[in-house]
């Protein structure tokens, strides 16, 4: 009997030892795919993908960037849909073309750029200046509108041309916009850069040399005979301290025909420039100051939402 119990004990011990050496089965990970929300708040690391696309840079309270991206997508999508519906009523051909474009890709996409207090939206097939202007008017005139009720999106900055953040690319991208809005150009883009750099006490000599070489190959320009308007250049740098702000402002002003005058206090037209890291956007906006500097909260007459308090570590 004792030998029988001994054999059983040894068998159980061997069985336990064998189970201990066996590798436990691996649990299969169930991947949770992020919800597809029509391009809302996608984190974007490669800013080069945003060049060449009309866009709107928007500001928001810090640590509210993701929520602001969702709200911006709703605001812009609603207004784009309204414009598309009005254009579809004009003709069947326009309706079919608009439907074909809409089926290929979404017109609005928002991006979380990983920086506090700022987000980015690309808009296809729509005049971003007109779009931003309509949103500000809604916030000011219609208390029931989405724009008036916006909590996270504070200021919206339209950008008709988005390029690499260099002085040369900025001026080249702004030249056709300035020509269209002011009835011509006083000088060519790189000649404007040369003028701007030569007027500065401290300047980048290598940049000046390159601008002179490119200016020599540029053709002449016509200032036109458009009626005189007051204008200003507003340039904002965000995470781009190395961008030559003074030279850029002078070069853009050098493009404007001479009959137009600078007015910092009450400009009728504003040349808006937003520089964010390696991106540079520019737009020519009539009535910018009259439209509350495109601040939705100011247009709606409300206070900015404060950022949430930081959680204290225990």
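Looking at the range 154-227, what helices (runs of 4 or more DSSP H) fall wholly within it and have at least 3 residues that are over 27 Å from the mean Cα position of the chain (by Cα)?
Ranges flagged: 189-198, 205-216.
Starting from residues that are surrounded by 18 or more Cβ atoms within 10 Å (Cβ to Cβ) and part of a loop (DSSP other than H, G, I, E, B), keep the ones in the range 30-59 and report whichever is modelled with the lowest pLDDT.
39
Within the range 243-280, track down each residue that is out of contact with any strand residue (DSSP E or B) (no Cβ under 8 Å at 6 or more places or on another chain) and over 24 Å from residue 190 (Cβ atoms).
The first filter runs over the range 243-280 and keeps only residues out of contact with any strand residue (DSSP E or B) (no Cβ under 8 Å at 6 or more places or on another chain), leaving 244, 246-247, 250-251, 254-255, 257-259, 265.
Matches in the range 243-280: 265 only.
Which one of the conditions (1) at pLDDT 60 or above; (2) touching a helix residue (DSSP H, G or I) at 6+ places or on another chain (Cβ under 9 Å) does residue 89 fail to meet, given that it meets all the rest?
(1)
How many residues are in a strand (DSSP E or B) and either under 9 Å from the mean Cα position of the chain (by Cα) or surrounded by fewer than 17 Cβ atoms within 10 Å (Cβ to Cβ) (or both) when one looks only at the range 106-121?
Step one: filter the range 106-121 for residues in a strand (DSSP E or B), giving 108-112, 118-121.
Next, from what is left, pick out any that are either under 9 Å from the mean Cα position of the chain (by Cα) or surrounded by fewer than 17 Cβ atoms within 10 Å (Cβ to Cβ) (or both): 110-111, 118-121.
So the answer is 6.
Tally up the residues in the range 160-180 that are within 16 Å of residue 270 (Cβ to Cβ) and buried (at least 22 other Cβ atoms within 10 Å of the Cβ), please. Talk me through it step by step, then tell me what you get.
So in the range 160-180, the residues within 16 Å of residue 270 (Cβ to Cβ) come out as 160-161, 170, 174, 177-178, 180.
Those still in the list that are buried (at least 22 other Cβ atoms within 10 Å of the Cβ) too: 161, 170, 174, 178.
Looking only at that region, the number is 4.
The values are calculated or read from the model by the stated rules, or taken from the named source; none is laboratory data. Predicted model only: the values in this text are computed from it and were never measured. Don't worry about glycine lacking a Cβ; one is built from the backbone with ideal geometry, like all the others, and counts go over all protein chains shown.
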